[in-house]
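The values are calculated or read from the model by the stated rules, or taken from the named source; none is laboratory data. In this text the structure is predicted, and so the values were computed from the model without any measurement. With ideal geometry, Cβ positions are generated from the backbone for all residues, glycine too; neighbour counts draw on all protein chains shown.
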Amino acid sequence: MTIDDIKTVGVAGAGSMGAGIAQVAAQAGFQVRVVDVSEAVWARAEKTIATSLQRMVKKEIYTEVQMREIQGRITFSTDVASLAGVPFIIEAVFEDLGVKKELFAKLDAVCGDDTIYATNTSSIAITEMAALVKRPARFVGMHFFNPVPMMKLVEIIPALQTEAAVTELALAMSRRFGKTPITCKDTPGFVVNRLFVPYILDAVRLLEEGVASAEDIDTAMKLGCNMPMGPLEFQDFAGVDIGYHVGNIFYEYMKEARFAPPGLLRKMIKAGYLGRKSGKGFYDYSEK
C-alpha cells in the first residue's frame, strides 16, 4: 500500500486530539470517518473543528467555500463497523490500555488484513499495544500534539513488530497532513514527553514547596526561557487529571522518582480542580 492508495482515513475517538486529527486529515483532502461513543461527543468535535476553521478563514488561509468542503469530508458515527474498509485508522481514545484493547478488538472484527492502525498514545508502549491486535506488523505509533491543527510535530514510533513499510507510510501520511515527523524508539514518553513531563511535574513541585507562586513560575519560564505557555498554564490547558494519569504511567514503566506525580495534583483532582475544563485548576477560569 502507498499513500496514493489511501483515500479515506478513520479516526477512533472524537476528543480534542481526535477532532484535530480529523480536521488536518480533511484539510489534506482525505475523506474522514470519525467514530466515538455518543452524538454529544460529536457535537463538541464539530464545534471545535468549525471554530478552528473559522479562525483560518479570518486569517485568509481558507475561503468560506473551502471551509465547507473540508467540513463536508468529515462524517461521524457511533458504529465501529463504519470503519470497515478504511485502510488507515488513527486511534485517539483515552490513555488507558483497557479502553484501547476493547477498541482494537472491535476494529479487528471488522477491518481487513491490510488495514493499518496508528495510535496517538503519548505514554503507553507501542509494542505492548501492537501485541493486542491481530496484525501487529501493521501497527505503528503516530503521536500528534495539541492543538493538532497548530502544532507541526508528529512522533512516529514503530513497535518491535512494525514492518518498515508501515513506518514509512506513517511518515508519508504525516507529511501529507502538513506536519514534520520524527522517528523514535518505543520508550516511555518517546522524545517530547520524556523531556516535558518531568518539567511540568517539577513546576508543580516548586509550587507545592512554596518556592514561588503559580503566576511567577509561569512568568519565569515564559520570559526566561521563551516558552509560549508556562508549565502550570499548560497543565491547566491539558487537564490536571491527564497530567496525573500520564505521570503515573511513566512512573510504572520507569520507576524513577522524577516521573511520580506530586501529591498536590492528587489533591486537586479530589477537589475537582481539573484545569480549564472544570473552571479551576492552578488558575481560576470561572470568570472567562
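Taking into account only those residues within the stretch 57-78 that are in contact (Cβ under 8 Å) with a residue 12 or more places away in the chain and assigned to a helix (DSSP H, G or I), which is farthest from the chain's Cα centre (by Cα)?
Filtering the stretch 57-78 for residues that are in contact (Cβ under 8 Å) with a residue 12 or more places away in the chain and assigned to a helix (DSSP H, G or I), the one farthest from the chain's Cα centre (by Cα) comes out as Met67.
Tell me the residue from Ala105, Ala81 that is within 29 Å of Glu168 (Cα to Cα), part of a helix (DSSP H, G or I), in contact with a Lys or Arg (Cβ under 9 Å, 6 or more places away or on another chain) and in the same structural domain as Ala165 (by TED's automatic domain parsing), please.
It is Ala81.
With respect to Lys7, is the statement that it is exposed (fewer than 12 other Cβ atoms within 10 Å of the Cβ) and either on the phi > 0 side of the Ramachandran plot or touching a strand residue (DSSP E or B) at 6+ places or on another chain (Cβ under 8 Å) (or both) true?
Against the criterion (exposed (fewer than 12 other Cβ atoms within 10 Å of the Cβ) and either on the phi > 0 side of the Ramachandran plot or touching a strand residue (DSSP E or B) at 6+ places or on another chain (Cβ under 8 Å) (or both)), Lys7 qualifies.
Would you call Ala43 assigned by TED's automatic domain parsing to the domain that holds Ala105, over 19 Å from Thr119 (Cβ atoms) and surrounded by fewer than 17 Cβ atoms within 10 Å (Cβ to Cβ)?
Yes, satisfied.
Taking the stretch 217-274 on its own, how many of its residues are in contact with a strand residue (DSSP E or B) (Cβ under 7 Å, 6 or more places away or on another chain) and acidic (Asp, Glu)?
1
Spot the failing condition for Ser52; the list is (1) touching a helix residue (DSSP H, G or I) at 6+ places or on another chain (Cβ under 9 Å); (2) surrounded by fewer than 19 Cβ atoms within 10 Å (Cβ to Cβ); (3) among the hydroxyl-bearing types (Ser, Thr, Tyr); (4) outside any strand (DSSP E or B), and only one is missed.
Among (1) touching a helix residue (DSSP H, G or I) at 6+ places or on another chain (Cβ under 9 Å); (2) surrounded by fewer than 19 Cβ atoms within 10 Å (Cβ to Cβ); (3) among the hydroxyl-bearing types (Ser, Thr, Tyr); (4) outside any strand (DSSP E or B), Ser52 violates only (2).
Could you tell me which numbered condition Arg258 fails, if it satisfies all but one of (1) farther than 20 Å from Ser16 by Cβ; (2) part of a helix (DSSP H, G or I); (3) at pLDDT 95 or above?
In the conditions (1) farther than 20 Å from Ser16 by Cβ; (2) part of a helix (DSSP H, G or I); (3) at pLDDT 95 or above, Arg258 misses (3) alone.
So that you can scan it fast, the table gives a plain yes or no per residue for (1) buried (at least 23 other Cβ atoms within 10 Å of the Cβ); (2) part of a helix (DSSP H, G or I); (3) on the phi < 0 side of the Ramachandran plot:
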residue: Gly112; (1), (2), (3): no, no, yes
residue: Tyr117; (1), (2), (3): yes, no, yes
residue: Met142; (1), (2), (3): yes, no, yes
residue: Met151; (1), (2), (3): no, no, yes
residue: Val154; (1), (2), (3): yes, no, yes
residue: Leu169; (1), (2), (3): yes, yes, yes
residue: Met173; (1), (2), (3): yes, yes, yes
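Do you know which residues across the stretch 1-31 are farther than 14 Å from Ala92 by Cα and in a strand (DSSP E or B)?
Passing the criteria: Thr8, Gln31.
Restricting attention to the stretch 83-102, and to residues there that are surrounded by fewer than 19 Cβ atoms within 10 Å (Cβ to Cβ) and in contact with a helix residue (DSSP H, G or I) (Cβ under 9 Å, 6 or more places away or on another chain), which single residue is nearest to Thr167 (Cα to Cα)?
Looking at the filtered set, the residue picked out is Pro87.
Collect the residues in the stretch 154-200 that are in contact (Cβ under 8 Å) with a residue 60 or more places away in the chain and of a type in the set (D, E, K, R), keeping them in residue-number order.
Across the stretch 154-200, the qualifying residues are Arg176, Lys179, Asp186.
Can you find, within the stretch 119-128, the residue that is farthest from the chain's Cα centre (by Cα) among those that are surrounded by fewer than 23 Cβ atoms within 10 Å (Cβ to Cβ) and of a type in the set (A, V, I, L, M, F, W, C)?
Ala125
What residue, of Thr115, Thr119, is of a type in the set (Ser, Thr, Tyr) and farther than 26 Å from Gly239 by Cα?
Criteria check complete, one pass: Thr115.
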